[in-house]
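The values are calculated or read from the model by the stated rules, or taken from the named source; none is laboratory data. Just so you know, these numbers come straight off a predicted model, no measurement behind them. For neighbour counting, all protein chains shown are included, and Cβ atoms are generated from backbone atoms with ideal geometry for every residue, glycine included.
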Amino acid sequence: MTRLLVVAGTADAAEFIAAQPPETEILATTFSQLGAECIAPRPGLRLQSGALDAAAFQQLLAEVKPDWLVDLSHPFAVEVSQNARNAAAACNVPYLRYERQTLADEPGGAIWHFPDFAAAAAACQQIEGNILLTIGSKNLSYFASLPDFHQRFYLRVLAESRILQELEALQIDPGHVFAMKGVASAELNVALARQCRAAAIVSKDSGAAGGLPEKMQAAAELHIPLLLIDRPAVQNQSAAAVFNSLAELNRYINQQ
């Protein structure tokens, strides 16, 4: 019998878990309850929500004794991946990482690349007009520190009470917040950008599963730039088995 500890919370993880044989035992961890609700129930599946540091991952590994730790966390969840990888190494459990393919170099409008959030925020100061942020809430501080943030910036975030409370604490006008769940279509991105009269859209390079193609299409249709924050470098990635296809990852696990 195969046992897996899966770092989940993404659409990729939900798809991966659904594709596993029914006899496979899986403990899936997610940061939020919303992430857990995206995973369909199945035999042998347990869910655990909440932030995990390396010590907490080690405790789970000792409890589950999995054959693999499979990391399908978000490309920008660097700390989560580092904690999982360190714990796997300490417990001598094979670590497998799924890395979404980037679409950042595909044609489709003006794409401005930035190495991090700070650089993208600085570039926003050179743009006249309103800006639609589609980066979530975790790294909002880089933009919230700009002098005209409350007047010019509009946010698309997850419709989660914790996030909305954080935005309320920042005294962000509710009229500047679009709260919703899931990937927005290109049509919806266009509508939101038009609603706030956006001169630019800001996004993370989250790949196809994160809705990047739809944002690229919207920016191209509106003839406005897409400010794209490139994925952060992952330390010790060379020491991990990395897969860019869920099919390849499934074959590797189920043919061992």
**Q.** 2 or more residues of a type in the set (Gly, Ala, Ser) and within 19 Å of the chain's Cα centre (by Cα): qualifying helices (runs of 4 or more DSSP H) within the range 1-88
**A.** 11-18, 33-37
Q: Could you look through the range 103-121, keep only residues that are at pLDDT below 90 and of a type in the set (A, V, I, L, M), and pick out the one that is farthest from Ala144 (Cα to Cα)?
A: Leu103
Q) When you scan the range 193-202, how many residues do you find that are surrounded by fewer than 19 Cβ atoms within 10 Å (Cβ to Cβ) and in a loop (DSSP other than H, G, I, E, B)? A) 1
Q: Output yes when any residue across the range 203-222 is in contact with a Ser or Thr (Cβ under 7 Å, 6 or more places away or on another chain), modelled with pLDDT of 85 or more, polar (S, T, N, Q) and surrounded by 20 or more Cβ atoms within 10 Å (Cβ to Cβ), and no when none is.
A: yes
Q: Name the single residue, out of those in the range 34-47 being closer than 21 Å to Glu23 by Cβ and in contact (Cβ under 8 Å) with a residue 12 or more places away in the chain, that is surrounded by the most Cβ atoms within 10 Å (Cβ to Cβ).
A: Ile39
Q: Determine whether the range 78-94 contains at least one residue that is in contact with a strand residue (DSSP E or B) (Cβ under 6 Å, 6 or more places away or on another chain), basic (Lys, Arg), closer than 20 Å to Gln255 by Cα and at pLDDT 90 or above.
A: no
Q) From the residues in the range 235-256 that are more than 18 Å from the chain's Cα centre (by Cα), outside any helix (DSSP H, G or I) and among the hydrophobic types (A, V, I, L, M, F, W, C), which one is modelled with the highest pLDDT? A) Ala241
Q: Residues that are free of Cβ contacts under 8 Å to residues at least 60 places away in the same chain and either surrounded by 15 or more Cβ atoms within 10 Å (Cβ to Cβ) or assigned by TED's automatic domain parsing to the domain that holds Gly211 (or both): find the strands (runs of 3 or more DSSP E) completely inside the range 109-188 holding 3 or more of those.
A: 153-158, 177-180
Q: Give the number of residues within the range 189-235 that are basic (Lys, Arg), over 21 Å from His74 (Cβ atoms) and touching a residue at least 40 places away in the same chain (Cβ under 8 Å).
A: 1
Q | Meets criteria (closer than 23 Å to Thr10 by Cα and either small (Gly, Ala, Ser) or at pLDDT below 90 (or both)) for Arg100 | A | yes
